[in-house]
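First the structure, in the form of structure tokens, and then the observations on it.
The values are calculated or read from the model by the stated rules, or taken from the named source; none is laboratory data. A quick note: this is a predicted structure, and the numbers were derived from the prediction, not measured. Every residue, glycine as well, gets a Cβ built from its backbone with ideal geometry; the counts of neighbours run over all protein chains shown.
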């Protein structure tokens, strides 16, 4: 099970490095991100492809993510503002909802009772891997 957070406080997306074992990982410059939990250092990236059927049954999302050894004890993936913008995800704090386009509306109160959605991860590069897992969106 992969736990994801829509992170309005970060412009980039970060994933746990342990989830990228079958992906083509590339070295990147060392970057230190200042977080509420303390500094987070990354020096690797990977391209991921995945589906979020709650948003669309046919859309495949492709994104570059920074890889970190440990993001937090609560999350495996932080979806940053850049990816949220590309996906049309809007965080409405006044209405306490997550809006995706004109069709999908999710209550932020679902954080205490996360819902499960299909997550398909496809390796990019010379090795081919398809793994289906359940993604618990903790929004």
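Since residue 40 meets every condition but one in (1) assigned to a loop (DSSP other than H, G, I, E, B); (2) at pLDDT 80 or above; (3) more than 15 Å from the chain's Cα centre (by Cα), which condition does it not meet?
(1)
Might you check whether a residue that is buried (at least 17 other Cβ atoms within 10 Å of the Cβ) and within 15 Å of residue 89 (Cβ to Cβ) occurs anywhere in segment 56-77?
Residues of segment 56-77 buried (at least 17 other Cβ atoms within 10 Å of the Cβ): 63, 65-68, 71, 75-77.
Filter again for within 15 Å of residue 89 (Cβ to Cβ), leaving 63, 77.
So far as segment 56-77 goes, yes, one or more of its residues are buried (at least 17 other Cβ atoms within 10 Å of the Cβ) and within 15 Å of residue 89 (Cβ to Cβ).
Of all residues in segment 3-32, how many are under 14 Å from residue 70 (Cα atoms), surrounded by 16 or more Cβ atoms within 10 Å (Cβ to Cβ) and modelled with pLDDT of 85 or more?
7
Pull out all pairs, ordered by first then second residue, where Cβ-Cβ is under 7 Å, the residues are six or more apart or on different chains, the first lies in segment 66-89 and is more than 13 Å from residue 40 (Cβ to Cβ), and the second is in a helix (DSSP H, G or I).
76/19
Would you mind finding the one in 8, 56 that is in contact with a helix residue (DSSP H, G or I) (Cβ under 8 Å, 6 or more places away or on another chain) and either at positive phi or not in a helix (DSSP H, G or I) (or both)?
Numbers: 56 fails: in contact with a helix residue (DSSP H, G or I) (Cβ under 8 Å, 6 or more places away or on another chain).
Just one listed residue meets the conditions, 8.
From the list 121, 81, 49, 85, which residue is surrounded by 15 or more Cβ atoms within 10 Å (Cβ to Cβ) and at pLDDT 90 or above?
Numbers: 121 fails: at pLDDT 90 or above; 49 fails: at pLDDT 90 or above; 85 fails: surrounded by 15 or more Cβ atoms within 10 Å (Cβ to Cβ).
On inspection, the qualifying residue turns out to be 81.
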